[in-house]
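Shown next, in structure tokens, is the structure this report addresses.
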Amino acid sequence: MADDAAGTKLGDRMTTGFTIAIDGPAAAGKGTISKAVAAHYGFAHLDTGLLYRAVGARVLIGDDPIEAATTLQPTDLDRDDLRTAEVAQSASKVAVIAEVRAALVDFQRAFARRAGGAVLDGRDIGTVICPNAQVKLYVTASAEIRAKRRFLELTAKGQMTTIDEVLADVKARDDRDMNRAEAPLKPAKDALIIDTSDLSIEEALKVALDEIASQT
């Protein structure tokens with residue numbers, strides 16, 4: 001009943017928009033949780049990391065990062081290589097460029113305001129992109145757990161790597177994301193922190209849905 005009531009309240013507010021901001025480091029589970037939350041409420045979902053990955057992928061083939069960001073096309077988000085470790089590192093590097101971030105901010109904020117509700121996941125949604133989001137979550141896990149998850153994901157796709165290499169990449173990206181001058185990765189002051197190190201996806205999703213219900 002409580003879940004149905006929450007859904008009704010959200011439905012009543014859809015005409016003016018309802019934004020759920022979900023942030024966190026790589027491989028913490030925020031993408032999976034975000035998609036499940038969006039599906040649960042029938043909201044639109046945007047993985048904002050894909051925007052930076054798409055820019056990073058274009059930089060790897062020689063494009064200027066600022067030009068790539070300002071001319072980004074929907075088709076750029078459909079590339080098959082956006083989930084590779086190389087593109088992830090490139091995305092993290094271009095994300096520290098203020099002009100790149102500025103070029104992508106308007107797109108993200110417009111998406112967040114859409115009627116019908118929106119779930120955005122990334123690294124600065126609750127702190128910079130949507131500081132007034134109705135619900136803010138920060139999904140995290142230990143570096144070791146996240147590296148293991150990413151290692152299994154990459155090797156399942158046939159990519160050759162080692163757990164040590166993946167852990168080094170995870171720590172390097174964390175350091176770059178958390179210490180960049182522009183929009184560093186950190187929880188919003190009013191975000192609920194969900195540590196998924198010892199949680200199943202089902203358990204983490206329940207925590208997220210319970211928090212959303214409590215805010216509506």
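Suppose only helical runs count, i.e. DSSP H with n ≥ 4. What mean residue ellipticity at 222 nm does that imply for the chain under -39500 (n - 2.57) per run, divided by all residues and rounded to the nearest 500 deg cm²/dmol?
Roughly -16500 deg cm²/dmol at 222 nm, from the helical runs in the chain.
Filter the trypsin sites (Lys or Arg not before Pro) in region 118-167 to those in DSSP coil with at most 14 other Cβ atoms within 10 Å of their Cβ, and list the result.
On the way: sites: Arg123, Lys136, Arg146, Lys148, Arg149, Arg150, Lys157; in loops: Arg123, Lys157.
Qualifying residues, ordered by number: Lys157.
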Q: Per residue of region 56-71, in order, report the coupling 6.51 cos²θ - 1.76 cosθ + 1.60 (Karplus, θ = phi - 60°) as ³J(HN,Hα) in whole Hz, putting x for Gly and Pro.
A: x, 5, 5, 5, 5, 9, x, 6, 6, x, 5, 5, 4, 5, 7, 10
Q: Compute the acute angle (0 to 90°) between the alpha-carbon long axis of helix 30-41 and the principal axis of greatest extent of the alpha-carbon atoms of the chain; round to the nearest 10°.
A: 30
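Only Lys, Arg, Asp and Glu count, each charged at its Cβ (+1, +1, -1, -1), so figure out the dipole size of the chain about its Cα centre, rounded to 20 debye.
Numbers: 27 positive and 33 negative charges, 58 e Å.
Dipole of the chain, to the nearest 20 debye: 280 debye.
Sort Ser90, Ser34, Ser142 so the one with the fewest other Cβ atoms within 10 Å of its own Cβ comes first. Provide the component values of the computation, followed by the final result.
Details: Ser90 20, Ser34 28, Ser142 14.
In increasing order of surrounding Cβ atoms, one gets Ser142, Ser90, Ser34.
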(Q) What does the net charge come to around Leu77 if you take all other residues with beta carbon closer than 14 Å to its beta carbon, with K and R at +1 and D and E at -1? (A) -1
(Q) Amide H of Ala141 versus every other amide H placed in the peptide plane: which residues, excluding those fewer than 5 positions away on the same chain, fall under 5 Å? (A) Thr196
Q: Determine ³J(HN,Hα), in whole Hz, for all residues of region 196-201 in sequence, where each value follows from phi through the Karplus function 6.51 cos²θ - 1.76 cosθ + 1.60 and θ = phi - 60°; x replaces Gly and Pro.
A: 8, 3, 10, 10, 6, 4
Q) With the chain treated as a Gaussian network of Cα nodes joined by springs under 10 Å, which of Gly24, Gly116, Gly62 yields the largest mean-square fluctuation? A) Gly62
Q | Amide H within-cut-off set for Val135, under 5 Å, with H built and near neighbours excluded | A | Thr19, Ala21
**Q.** C-alpha center-to-center spacing [region 173-216, region 55-99] in angstrom
**A.** 24
**Q.** Summed side-chain charge close to Glu99 - residues other than Glu99 whose Cβ falls under 11 Å, Lys, Arg +1, Asp, Glu -1
**A.** -2
Q.
On a 21 Å Cα-Cα criterion, which of the cross-link pairs Lys30/Lys186; Lys30/Lys171; Lys35/Lys171; Lys30/Lys148; Lys171/Lys206 come out too long?
A. Lys35/Lys171; Lys171/Lys206
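Every read-out reported here was derived from the displayed coordinates using simple, explicitly stated rules and does not represent laboratory data. Predicted model, so just to flag it, every value in this text is computed and none were measured. In this analysis, Cβ positions are derived from the backbone assuming ideal geometry, glycine residues included, and neighbour counts consider all displayed protein chains.
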